[in-house]
Structure formats: structure tokens, C-alpha cells
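Right, one structure below, let's go through it.
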Amino acid sequence: MTEEILLTKEGYEEVVAEHENLVAVRRKEVAEKLKEAIAQGDLSENADYDAAKNEQAELEERIYKLENMIRKAKIIDDSELASDQVTVGLTVKVLDIDENEEDEFTIVGSAEADPFEGKISNESLVGKALLGKKEGDEVAVEVPDGIVNYRVLEISKK
């Protein structure tokens, strides 16, 4: 069974664009660096050659990972999502009841998660706890720092 990788349409497009850039541009740049390093002669003590080979290996690994993501992607179509309960692809505004502070999270698949951008994984502690909740629902989430109590204020499409 192939494990699906959940991506929003925007996230999928970013993965495809990065893949295209790495294949069309970065591969050529790294190949040129490798060619120049080989032209320097003795490869056994050539730091430029070693660095170029390492860069090439890292590049190929990233390309492989992106191809795997593209192949296994399940694109979340937000036009098909009902915003009456929290699900992947929707944005949820919550109130941290204890701190009396509002937060806003977009629930995304783990491949797309970026907490600094407010995108949290559906597999994270908070994301998992919020899934299926409706406006007005309260949820206690056990996180490494203790328990956070949230009230769902609003669910929307971004």
C-alpha cells in the first residue's frame, strides 16, 4: 500500500516548481562544478571534487524525495471542503483559553508543515487534536510543556 502525502494545491505546486528548478538548473550547475574540479587533476586530494560530489549526492537525494512526494501526492481540493469542521486544508482560529490569546493555524499534511508560517501538520499534537472539531468546541491538547486548552473560534478556507 502506498502511503499518501497530503498536500494543498499550493504546496503541490511548490514541490513541482522546486523539482523542476533542481532538475533543469541546479543539476547543470553542479555538473559544471564537478567538471571543473575533475579538470584540476589528481582527484585523491581534490577538495573541490569532494565538495562537488557531496553536493551532487545531496541534490540527487532531494530530487528523489520530491519525485516521491509528487508520485504519492494526494492534493487537497479546498473547493470540496466544508468549513463546518476542522480538516486538512482549512484554517482554524482558536483561543488559548488559559493565556487568553488567539492563534490561527492552517492544517496541512506533514510534508507541507511550517509552524513559523502558521501551517501545522495534521499529524502534530495540536493538529490531530483539532481535526473534526467545530466552532465553539473546546479541546485540551497535551504538548511537551503541559496542557493547552483551545476553543475553536472560526473555521475558514484560506
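The values are calculated or read from the model by the stated rules, or taken from the named source; none is laboratory data. As the structure is a prediction and not an experimental result, all values here were calculated from the model. No Cβ is skipped: glycine too gets one built from the backbone with ideal geometry, and neighbour counts run over all protein chains shown.
The residues of the stretch 116-158 that are without any contact (Cβ under 8 Å) to a residue 12 or more places away in the chain and aliphatic (A, V, I, L, M), listed by number, are ALA140, ILE147. A search for C-beta distances below 6 Å between a residue of the stretch 30-43 that is closer than 16 Å to GLU58 by Cα and any residue that is part of a helix (DSSP H, G or I), counting only pairs 6+ apart in sequence or on different chains, returns VAL30/GLU55; VAL30/GLN56; VAL30/LEU59; LYS33/ALA52; LEU34/ALA52. Taking the stretch 68-109 as the range and being of a type in the set (Asp, Glu) and over 23 Å from HIS19 (Cβ atoms) as the test, the residues that pass are GLU80, ASP84, ASP96, ASP98, GLU99, GLU101, GLU102, ASP103, GLU104. If only one of GLU18, GLU3 is of a type in the set (D, E, K, R), surrounded by 13 or more Cβ atoms within 10 Å (Cβ to Cβ) and either assigned to a helix (DSSP H, G or I) or out of contact with any Phe, Trp or Tyr (no Cβ under 6 Å at 6 or more places or on another chain) (or both), which one is it? Testing whether each residue is of a type in the set (D, E, K, R), surrounded by 13 or more Cβ atoms within 10 Å (Cβ to Cβ) and either assigned to a helix (DSSP H, G or I) or out of contact with any Phe, Trp or Tyr (no Cβ under 6 Å at 6 or more places or on another chain) (or both) leaves just GLU18. Filter the stretch 121-155 for residues that are assigned to a helix (DSSP H, G or I) and either surrounded by 18 or more Cβ atoms within 10 Å (Cβ to Cβ) or not charged (D, E, K, R) (or both) and give the result. Scanning the stretch 121-155 gives LEU125, VAL126, GLY127, ALA129, LEU130.
A quick yes/no check of all residues on (1) of a type outside the set (Ser, Thr, Tyr); (2) modelled with pLDDT of 95 or more; (3) over 19 Å from LEU7 (Cα atoms):
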residue	(1), (2), (3)
ILE75	yes, no, no
ALA82	yes, no, no
ASP137	yes, yes, yes
GLU142	yes, no, yes
ASP145	yes, no, yes
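Hey, any hits in the stretch 86-94 for a residue that's over 12 Å from the mean Cα position of the chain (by Cα), at pLDDT 95 or above and β-branched (Val, Ile, Thr)? Checked the stretch 86-94: at least one residue is over 12 Å from the mean Cα position of the chain (by Cα), at pLDDT 95 or above and β-branched (Val, Ile, Thr).
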